[in-house]
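Report on the following structure.
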C-alpha cells in the first residue's frame, strides 16, 4: 500500500481509478517524467499519453525514463506550453489531466509555470475533459511566484460551476513550510460548453 506521504502521491492515489486501459490522458507538466510514466503504465498498450513541457531538458529526461521502462511508444512528448493543450487534443476527450506546477527539480528554478498560462490551460482542460474525467493540480507556494500561482489556481477553482464539476482541495495540515497542495476537479456527466 502506498503511503500518502506527499501531495504527488496523493494525486496519483485519487486519479488512478479514473484511468482505464486504452484511455487518452495528459501530463500537462512533464518535468522529470514520473507522472508521465505513471500515466503510461495506467493507459496500457492501446492508450495514449500527451506530455507537455516548455523545457527541452524536461522532454529529454522524460524520454529517457520512458525508454528505460519500454513505454515511449505510448507517449507523445510535446515541447510546448500547456496553455496550447487544445491544439494537440482537439479530437480527444482525456479521462485524466495532471498538473504538477512549479519548476523542474535539479534545474534552473527561475523557469517556472506561470499563473496566466496555467489558468489558460485549466480553462481549456475543463472543456476537453471527458465526462466523469478528472484533473489533478499540485500547487507549490514556497518558490518565487509560487504563492501567486497557487492563489490564482485556488481562486479559479472556487469559481468553477458546481453544476458541471466537483472541486476538492486537499492539503497536509501538520506539515511545515507551506507544503504543496492538491486540487482535484471532476467533470460531471454531460458536456461543459461555457
Taking the range 171-189 and keeping residues farther than 16 Å from residue 96 by Cα and outside any strand (DSSP E or B) leaves 172, 173, 174, 175, 176, 177, 178, 179, 180
Within the range 61-71, the residues that are closer than 13 Å to residue 30 by Cα and either touching a strand residue (DSSP E or B) at 6+ places or on another chain (Cβ under 9 Å) or surrounded by 15 or more Cβ atoms within 10 Å (Cβ to Cβ) (or both) are 61, 62, 63, 65, 66
Considering residues that are surrounded by 15 or more Cβ atoms within 10 Å (Cβ to Cβ) and on the phi < 0 side of the Ramachandran plot, the number found within the range 89-122 is 23
Counting only strands (runs of 3 or more DSSP E) entirely within the range 63-170, those with at least 1 residues that are under 21 Å from residue 186 (Cα atoms) and touching a residue at least 24 places away in the same chain (Cβ under 8 Å) are 96-100, 134-139
*Return a yes/no flag: does the range 28-36 have any residue that is surrounded by 19 or more Cβ atoms within 10 Å (Cβ to Cβ), in a helix (DSSP H, G or I) and in contact (Cβ under 8 Å) with a residue 60 or more places away in the chain.*
yes
Could you tell me whether the range 138-145 includes any residue that is out of contact with any helix residue (DSSP H, G or I) (no Cβ under 6 Å at 6 or more places or on another chain) and either crowded, with 20+ Cβ neighbours inside 10 Å or under 18 Å from residue 25 (Cβ atoms) (or both)?
no
Every listed condition ((1) crowded, with 17+ Cβ neighbours inside 10 Å; (2) under 17 Å from residue 101 (Cβ atoms); (3) out of contact with any strand residue (DSSP E or B) (no Cβ under 7 Å at 6 or more places or on another chain)) holds for residue 53 save (3)
Inset, instruction - Assess whether residue 75 counts as being at pLDDT 95 or above, surrounded by 18 or more Cβ atoms within 10 Å (Cβ to Cβ) and more than 15 Å from residue 99 (Cβ to Cβ). - result: yes
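The values are calculated or read from the model by the stated rules, or taken from the named source; none is laboratory data. What you see is a predicted model; the values in this text were computed from it and never measured. Please note: Cβ atoms are built from the backbone with ideal geometry, for glycine as well, and neighbour counts cover all protein chains shown.
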